[in-house]
Amino acid sequence: MLMPKKTKYRKIQRGRMKGKSKAGNLVFGTIGLAAVEPGWLTARQIEAARVAISRNLKKEGEMFLRVFPDKPVTKKPAETRMGKGKGTPEFWVCVIKREKMLIELKDINIDLAKKILKSAAYKIPMKTKIILKDNNIVARKQIDK
């Protein structure tokens, strides 16, 4: 599982996810998967999407993961009384805002890339869309789950 090697604080507040992401453009690849709605992406979900892509990608193109789970989520045990402090960190998440680029692909056929990104989109718990890069014109296409 993905997680940071070292953090400044062991426990972090939940925060908010309003507004658009600053990382919403294709930087490394020619086709990418972007989030349409905000949410948390856990380390397990990122790993599941990565495995789905790498199985279909084989040795044809290159994949760039643009997300990393750097926020710990705490939970208290079941049937515990109120108080007694905050729970222990249970898993790690990445905060996803609207229009954040999640995954990018490079050096691959467009039809195969769409199929691969669609298989990864099934592993992600939010609505996504495929974004193409064609001669400085970014075409946005909605994916139906």
- prompt: For residues in the range 116-138 being surrounded by fewer than 17 Cβ atoms within 10 Å (Cβ to Cβ) and under 14 Å from Gly29 (Cβ atoms), which is modelled with the highest pLDDT?
  reply: Leu132
- prompt: Mind checking which pairs have a first residue in the range 107-124 that is among the polar types (S, T, N, Q) and a second that is outside any loop (DSSP other than H, G, I, E, B), Cβ under 9 Å, 6 or more apart or different chains?
  reply: Ser119/Ala49; Ser119/Ala52; Ser119/Ile53; Ser119/Arg55; Ser119/Asn56
message: Checking the conditions here, which among Lys11, Lys71 is farther than 30 Å from Leu112 by Cβ, touching a residue at least 12 places away in the same chain (Cβ under 8 Å) and surrounded by 14 or more Cβ atoms within 10 Å (Cβ to Cβ)?
response: Lys71
message: For the range 19-30, check the following and say yes or no: at least one residue is among the β-branched types (Val, Ile, Thr), closer than 17 Å to Lys114 by Cα and over 15 Å from the mean Cα position of the chain (by Cα).
response: yes
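The values are calculated or read from the model by the stated rules, or taken from the named source; none is laboratory data. These figures come from a predicted structure and were not determined experimentally. We place every Cβ from the backbone using ideal geometry, glycine too, and count neighbours over all the protein chains shown.
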